[in-house]
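Read the structure below first, then the notes.
The values are calculated or read from the model by the stated rules, or taken from the named source; none is laboratory data. These numbers were taken from a predicted model, which means no experiment stands behind them. Because the Cβ atoms are built from the backbone with ideal geometry, glycine has one as well, and the counts that use them run over all protein chains shown.
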Amino acid sequence: MKKLRNLWWCVLATASLPMAHALEFKQWDPTPYSQAVTECDRLAGHPDDPFRVGPGVATRDVKNEAAIAACQAELVKDPKNPRVSYQLARVLTYAGKVGEAVPHIERAAATNYPQALFVTGYLYLSGAYEARKDACRAGELIRESGIWGRLAGQLGYPAFVLNGRFKGCAVNQDRAELIAFVEQARKGRLEYYPSVLAETLLRELQVSR
């Protein structure tokens, strides 16, 4: 009888604990913002941005000054469009003006614009273009980019965690969640190298559980 009572109290205690929530992936909605192709899009859109409205321009082909002028003019006309803010930040960064770029890319990231979330996080993680380093802020942003569907975040976040890049940060680094990121990435039509990375990450995460 005593064992039954103890078992009953264990059941009650377990039931009272907060349930762990499964990771909820989200889809960013571009429809509140203009999708018209502008000169800013033609000169500064990133080829890997899933919400670009033009073909995108490779980094080596960006003409910084012309792109900056076009995006500054477009931002005056469409100041709340995160795509424009991100693209202006992109070309300002390439021109060595990362201090001017950060407020624009942070504004885009604040709308959960997936490309801005990932790139802002990567800047803070790598210190590229002399951006200030902040690994914990980087972890938060890259993780969010994965939640909002950015493939680079879904594969990059688990890889960075496994490499210890966010050690000591409060951002969630639970292995089950990292596996969920990789499995979400694999639902898409991955090209060869991302598919190899996904398989490698999944194997390492499952072995180290």
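Show the residue pairs that are 6+ apart or on different chains and have beta-carbon atoms under 8 Å apart, the first residue being within the range 120-139 and in contact (Cβ under 8 Å) with a residue 60 or more places away in the chain and exposed (fewer than 15 other Cβ atoms within 10 Å of the Cβ), the second being of a type in the set (S, T, N, Q) and not in a loop (DSSP other than H, G, I, E, B).
none
Being in contact with a Phe, Trp or Tyr (Cβ under 7 Å, 6 or more places away or on another chain), basic (K, R), under 23 Å from N81 (Cα atoms) and in contact (Cβ under 8 Å) with a residue 60 or more places away in the chain narrows it down to one residue among R143, R150; which is it?
Exactly one residue qualifies, and that residue is R150.
Could you please give the count of residues in the range 162-192 that are under 23 Å from L141 (Cβ atoms) and either basic (K, R) or assigned to a helix (DSSP H, G or I) (or both)?
Residues flagged as under 23 Å from L141 (Cβ atoms) and either basic (K, R) or assigned to a helix (DSSP H, G or I) (or both) within the range 162-192 amount to 16.
Could you identify the single residue in T120, T93 that is farther than 21 Å from Q184 by Cα and under 9 Å from the mean Cα position of the chain (by Cα)?
Working: T93 fails: under 9 Å from the mean Cα position of the chain (by Cα).
Result of the check over T120, T93: T120.
Please verify whether Y124 is aromatic (F, W, Y), assigned to a helix (DSSP H, G or I) and over 17 Å from H46 (Cβ atoms), treating the condition exactly as stated.
Here the answer is yes, as Y124 does meet what is asked.
Could you list, in sequence order, all residues of the range 168-209 that are over 25 Å from A135 (Cβ atoms) and basic (K, R)?
R186, K187, R189, R203
Would you say V182 is modelled with pLDDT of 95 or more, of a type outside the set (S, T, Y) and over 15 Å from F118 (Cα atoms)?
So V182 passes the test.
Does R83 satisfy the criteria of being of a type in the set (D, E, K, R), surrounded by 14 or more Cβ atoms within 10 Å (Cβ to Cβ), at pLDDT 95 or above and outside any helix (DSSP H, G or I)?
In short, no.
Kindly indicate the residue of the range 33-71 that is of a type in the set (K, R) and under 13 Å from Y94 (Cα atoms) and also surrounded by the most Cβ atoms within 10 Å (Cβ to Cβ) among those meeting that condition.
Keep residues of the range 33-71 that are of a type in the set (K, R), which gives 42, 52, 60, 63.
Checking the rest, the ones that are also under 13 Å from Y94 (Cα atoms) come to 60, 63.
On the way: R60: 6, K63: 14.
Across the range 33-71, the extreme among qualifying residues is K63.
Within the set of pairs 6 or more residues apart or between chains, which connect a residue that is part of a loop (DSSP other than H, G, I, E, B) inside the range 98-113 to a residue that is among the hydroxyl-bearing types (S, T, Y) with Cβ atoms less than 9 Å apart?
From the range 98-113, the pairs are T111/Y33; T111/S85; N112/S145; Y113/S85; Y113/Y86.
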